[in-house]
Amino acid sequence: MGMVRVMVVDDHPMWREGVARDLTEAGHQVVATSGEGRQAIRVAAATRPDVVVLDLQLPDISGVAVIQGMRAVLPEVRVLMLSASGEQQSVLDAMKAGATGYLVKSAAPAEFLDAVRRTAAGEPVFTPGLAGLVLGEYRRLAAAPGRAAGDGGDDAAPRLTERETEVLRLVAKGLSYKQIAGRLGLSHRTVQNHVQNTLGKLQLHNRVELTRYAIERGLDA
């Protein structure tokens with residue numbers, strides 16, 4: 001993926017400017033920056049970034065509230081949390097609100113830039129160790145009695161092709177697009193196309209939701 005349109009939301013000016021500078025030097029377009037949550041939601045609606053790099057702690061509203069507000073006005077926006085906190089509850093709250101990935105601020109610049117590219121492509125990105133935490137939580141939710149409204153049962157599930165089901169099974173195991181492509185002997189773009197087609201059929205918004213769907217149906221076994 002080439003240039004990504006990015007918005008940076010962080011209440012520390014030096015950190016915010018540093019992240020924006022790294023993104024610009026890497027060839028991406030920083031369409032906006034903000035230090036407050038409510039302002040960020042308004043600006044995102046006007047600038048329509050591909051990816052929002054968002055801090056969890058903001059002075060007016062929480063990062064989780066910002067994710068929810070942005071998803072309301074821009075359902076397709078992808079949010080990469082960049083936070084000083086790697087606590088379990090912070091990560092789970094962000095992912096349940098609709099974040100695509102979660103990176104701690106101690107990440108190396110190269111790791112951060114790779115995370116932005118992967119987030120723009122719709123891949124869930126996590127600081128090492130956090131992916132297992134999120135998958136574990138989805139498995140716990142899937143095993144719990146009853147499901148959230150709108151989950152639907154197997155009878156209501158749209159029909160997927162054999163290849164789409166195969167890709168979905170590997171998504172549920174936490175594999176990246178590159179790993180799935182290598183496992184199935186497909187191109188990276190073909191895997192992306194299968195994921196996008198599956199999202200459309202299931203009326204889901206991102207790979208995080210797709211992962212939970214797959215786990216609920218036991219496809220991660």
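Could you list, in sequence order, the residues of the range 47-72 that are closer than 20 Å to Gln29 by Cβ and among the β-branched types (Val, Ile, Thr)?
Those that are closer than 20 Å to Gln29 by Cβ and among the β-branched types (Val, Ile, Thr): Thr47, Val51, Val52, Val53.
Do you know which residues across the range 1-33 are closer than 16 Å to Val77 by Cα and of a type in the set (Ser, Thr, Tyr)?
Correct list: Thr33 only.
Whether any residue in the range 15-28 is open to solvent by less than 40 Å² (accessible area, probe 1.4 Å), aromatic (Phe, Trp, Tyr) and outside any loop (DSSP other than H, G, I, E, B) is what I want to check.
no
Being assigned to a loop (DSSP other than H, G, I, E, B), among the polar types (S, T, N, Q) and touching a residue at least 40 places away in the same chain (Cβ under 8 Å) is the filter here; which residues of the range 44-102 pass it?
Gln57, Thr100 - these are the residues of the range 44-102 that are assigned to a loop (DSSP other than H, G, I, E, B), among the polar types (S, T, N, Q) and touching a residue at least 40 places away in the same chain (Cβ under 8 Å).
Out of the residues in the range 32-42 that are in a helix (DSSP H, G or I) and open to solvent by less than 40 Å² (accessible area, probe 1.4 Å), which is nearest to Ala84 (Cα to Cα)?
Filtering the range 32-42 for residues that are in a helix (DSSP H, G or I) and open to solvent by less than 40 Å² (accessible area, probe 1.4 Å), the one nearest to Ala84 (Cα to Cα) comes out as Gly37.
Of all helices (runs of 4 or more DSSP H) completely enclosed by the range 159-221, which ones contain at least 1 residues that are open to solvent by less than 60 Å² (accessible area, probe 1.4 Å) and among the charged types (D, E, K, R)?
Output list reads 162-172, 207-216.
The values are calculated or read from the model by the stated rules, or taken from the named source; none is laboratory data. Note that the structure is predicted; figures quoted are calculated from it, not measured. Reconstructed Cβ throughout: ideal geometry from the backbone, glycine too, with neighbour counts over all protein chains shown. All accessible areas refer to the heavy atoms of the entire protein, side chains included, with ligands and DNA or RNA removed. Shrake-Rupley method; radii C 1.70, N 1.55, O 1.52, S 1.80 Å.
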